[in-house]
Amino acid sequence: MHDLILRNRVAGYREGDLMRHLHGGEAQPLPAAQRRAFEHHLPGTGILVALPFDAWPHLQTAMHARTKVSSAWSGRLTPRERELAPRLLAEIAARGPLGSEDIADDRRTHRPVWGAASLVKSTLQKLFFHGRLLIALRAANRRRYDLPERVLPAATLAVPGPAATETARWLALLKLRQRRLAPLKRDELRLIADAVQPLRLADADAPTLYCLRDDVGLLAEIEDRKSEIVNPPSLLLAPLDPLIYDRRVTAALWDFDYTWEVYTPPAKRMRGYYALPVLAGTELVGHVDPKADRTARQLTVISRRIRRGHASAPAVRELARWLGLRAH
């Protein structure tokens, strides 16, 4: 997902570049002194994101809170997990970054979230959610955890936790930095009113949207250039692209009702398992549902629906080239 998002935004982006930026190669992690960012969950969500170091202090309250609540996914350790945790931390301290498959222990645990899992895996994951471990690298997209002091610079770890209002302001600003245009709750607006600009749509029923004041110039520049855009190339957006992340905003701006349907039963899907919205200039004009066969090195379009006058084939061929596949 992150690769599909970034390929439209970073010139020359290659599949896997974000992980290489965060962690270095799969065989040897970057030392803390050479890192520029890290992976963790946004407070109050299950969203795993790449964050700059200055985010670390703002995560502390959420990390501590998770140790106090009951949750099979991220909450306090069960008695068996609490008994296993010191051994896992000691092995990682001695051996370096490890994943659940690197630690010999065949005990299982039942988690109602995803079903059965190894006790090692569930314990490692909770220690990560609690900030006692961090992702140091990924090998074949499988996590390898290490101690925080070997992932983050000492100066970052030493920063004291900020006041709750500072973290709330940071989260509200981060929301707009991620999505650029979004509705704000009353409490969020109160915290960042000095940094945002309201935008009201012509549709009276549409929600008031906000952007950062620093982005207003970009909006004016785009508006001035709209008449210059003739036959804009189509782009295939990732299902969780920030442009369409909020379904209400997508519907209000483009009258485009889009849902990511990977968790929707097949019989109820409207567009397809991994349908990619098609952006042409400043309009959403349809979708393409592609499927990559890495073994056969082929990208097949399962379904597509495009507004008359627009073409998706060039965008599909570009995606195939980017993946090193043939479009079929």
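The values are calculated or read from the model by the stated rules, or taken from the named source; none is laboratory data. Here the structure is a predicted model, which means the values were calculated and not measured. Virtual Cβ from ideal backbone geometry, glycine too; neighbours counted across all protein chains shown. We work out accessible area using only protein heavy atoms, side chains counted, and drop any ligands, DNA or RNA first. Shrake-Rupley method; radii C 1.70, N 1.55, O 1.52, S 1.80 Å.
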Checklist outcome for this item: With Cα springs under 10 Å, the Gaussian network model of the chain assigns the largest mean-square fluctuation among 277, 242, 86 to 86
Next on the checklist: If you consider only alpha-carbon coordinates, what radius of gyration and Dmax does the chain have, in Å?
Outcome noted: 22.1, 66
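Quick one: compute the contact order of segment 163-239, relative version, from alpha carbon pairs under 8 angstrom and 6+ residues apart, as a percent. Let's see the in-between values first.
Values: 57 pairs, mean separation 19.4, N = 77.
For segment 163-239, the relative contact order is 25 percent.
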Checklist entry - Which whole-angstrom value gives the distance between the alpha carbon centres of segment 224-241 and segment 289-328? => result 18
Checklist entry - Which of 284, 57, 4 sits farthest toward the positive end of the charge dipole of the chain, with +1 on the Cβ of Lys and Arg and -1 on the Cβ of Asp and Glu? => result 4
Checklist entry - Okay, helix-only estimate at 222 nm for the chain: each DSSP H run of n ≥ 4 adds -39500 (n - 2.57), divide by all residues, round to 500 deg cm²/dmol; what do you get? => result -9500 deg cm²/dmol
Next on the checklist: Between helix 119-129 and the chain, what is the angle of the helix's C-alpha long axis to the longest principal axis, kept within 0 to 90° and rounded to the nearest 10?
Outcome noted: 70
Checklist entry - Highest GNM mean-square fluctuation, the chain, Cα pairs closer than 10 Å: which of 257, 215, 203? => result 203
Next on the checklist: Taking all protein chains in place and a 1.4 Å probe, what share, in percent, of the accessible surface of segment 208-280 do carbon and sulfur account for?
Outcome noted: 55
Next on the checklist: Need the C-alpha centroid separation for segment 250-267 versus segment 65-135, integer Å.
Outcome noted: 35
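Would you tally the net charge around residue 189, using a Cβ to Cβ cut-off of less than 12 Å, leaving residue 189 out, and scoring K and R as +1, D and E as -1? Kindly include the intermediate steps, with their values, before the conclusion.
Values: positive: 169, 175, 185, 186, 190; negative: 187, 188, 194.
Residues close to residue 189 contribute a combined charge of +2.
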Item to check | Total charge dipole magnitude, the chain, about the Cα centre, Cβ charges on Lys, Arg, Asp, Glu only, Debye to nearest 20 | outcome: 880
Next on the checklist: Let me spell out the model: positive unit charges on the Cβ of Lys and Arg, negative unit charges on the Cβ of Asp and Glu, origin at the Cα centre of segment 19-128. What dipole size does that give, in debye rounded to 20?
Outcome noted: 320
Next on the checklist: I'd like the orientation of helix 164-179 relative to the chain: the angle between its Cα long axis and the longest Cα principal axis, in ° from 0 to 90, rounded to 10.
Outcome noted: 40
Checklist outcome for this item: Taking a ≥ b ≥ c as the square roots of the Cα gyration tensor eigenvalues, with a/c under 1.5 meaning rounded and otherwise prolate when a/b beats b/c or oblate if not, segment 215-328 comes out oblate
Next on the checklist: I'd like the orientation of helix 79-95 relative to the chain: the angle between its Cα long axis and the longest Cα principal axis, in ° from 0 to 90, rounded to 10.
Outcome noted: 90
Checklist entry - Which of the lysines could be linked to residue 175 by a straight reach, that is with a Cα gap under 29 Å, when you skip same-chain ones fewer than 8 residues away? => result 68, 126, 185, 226
